[in-house]
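Below is one structure, written out as structure tokens, with a few remarks after it.
The values are calculated or read from the model by the stated rules, or taken from the named source; none is laboratory data. None of the values given here were measured: they were computed from a predicted structure. Every residue, glycine as well, gets a Cβ built from its backbone with ideal geometry; the counts of neighbours run over all protein chains shown. What goes into the accessible areas is simple: the full protein's heavy atoms, side chains included, and nothing from ligands, DNA or RNA. Shrake-Rupley method; radii C 1.70, N 1.55, O 1.52, S 1.80 Å.
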Amino acid sequence: MKAFIGRHCKIAVCVVDGDKRLGPAALELLSAALSHPLLEGQSHQVFFDQGLFQSSRAAARSVHGIADFELCKFHFEQDSQMHLGIQLADIVAHTCSTMLLETLGHVTKRIVVNAPGDSVYDGIEIELGFEMWAGIRYAFLAMNKQNPKDDFDLAYVDVHPWGLFIDESVNEQVSKAAMKRFGENYLGCIH
């Protein structure tokens, strides 16, 4: 499923402190994502997992009349067992939360690369977060940098603001770590 995400999906990350603000923060992320040229001006089916809002009615009230969402058909309080897209979103959430925890220094796990036939990488140890990032790095909703400083900067894309939303509930340490980890993304060679 992670390979599918890496090849066929565009992802955006919402960083929030606790579950109570997750639904409203996800709507703010959606609003920013919809301004991206890949998504702008198109109709969208938007599915939300159970428990992100107080109720379907409360969720519907929160999007009613908002111009950013006029081309969206919302499906709130959905069962992830019935919608593969929500399961994919759960995988992305787990992957990105592990990457953020590593950036904060809370995860220090290393793994051994299993690449038989690759004389350079087979058997070397790498950080878990790096391996997780490598599999999804092309999936982040991003745009080329407007004014690259040099040739190396051309290998980076801006994820923020389209593919990253950091809620005001997040403390400064986590906010800085999230921006460092997800604010821009390197798409150049990692070999």
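Within region 57-69, the presence of a residue that is within 20 Å of the chain's Cα centre (by Cα), under 27 Å from residue 175 (Cβ atoms) and surrounded by fewer than 13 Cβ atoms within 10 Å (Cβ to Cβ) is excluded. Would it be correct to say that residue 158 is in contact (Cβ under 8 Å) with a residue 60 or more places away in the chain, among the acidic types (Asp, Glu) and open to solvent by less than 50 Å² (accessible area, probe 1.4 Å)? Taking the combined requirement at face value, the residue does not satisfy it. Within the bounds of region 13-32, is there any residue that is touching a strand residue (DSSP E or B) at 6+ places or on another chain (Cβ under 9 Å), assigned to a helix (DSSP H, G or I) and among the acidic types (Asp, Glu)? Looking through region 13-32, at least one residue is touching a strand residue (DSSP E or B) at 6+ places or on another chain (Cβ under 9 Å), assigned to a helix (DSSP H, G or I) and among the acidic types (Asp, Glu).
Here's the yes/no breakdown for (1) within 30 Å of residue 177 (Cα to Cα); (2) of a type in the set (Asp, Glu); (3) modelled with pLDDT under 95:
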residue	(1), (2), (3)
11	yes, no, no
22	yes, no, yes
30	yes, no, no
38	yes, no, yes
67	no, no, yes
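Restricting to region 7-31, name every residue that is under 14 Å from the mean Cα position of the chain (by Cα) and either open to solvent by less than 20 Å² (accessible area, probe 1.4 Å) or of a type in the set (A, V, I, L, M) (or both). 11, 12, 13, 15, 16, 22, 25, 26, 27, 29, 30, listed by residue number.
With respect to being free of Cβ contacts under 8 Å to residues at least 60 places away in the same chain, in a loop (DSSP other than H, G, I, E, B) and open to solvent by less than 40 Å² (accessible area, probe 1.4 Å), residue 80 fits the description. Close Cβ contacts (under 9 Å, 6 or more residues apart or on different chains) running from residues in region 140-152 that are of a type in the set (S, T, N, Q) and at pLDDT below 90 to residues that are open to solvent by 40 Å² or more (accessible area, probe 1.4 Å) and part of a loop (DSSP other than H, G, I, E, B) are absent.
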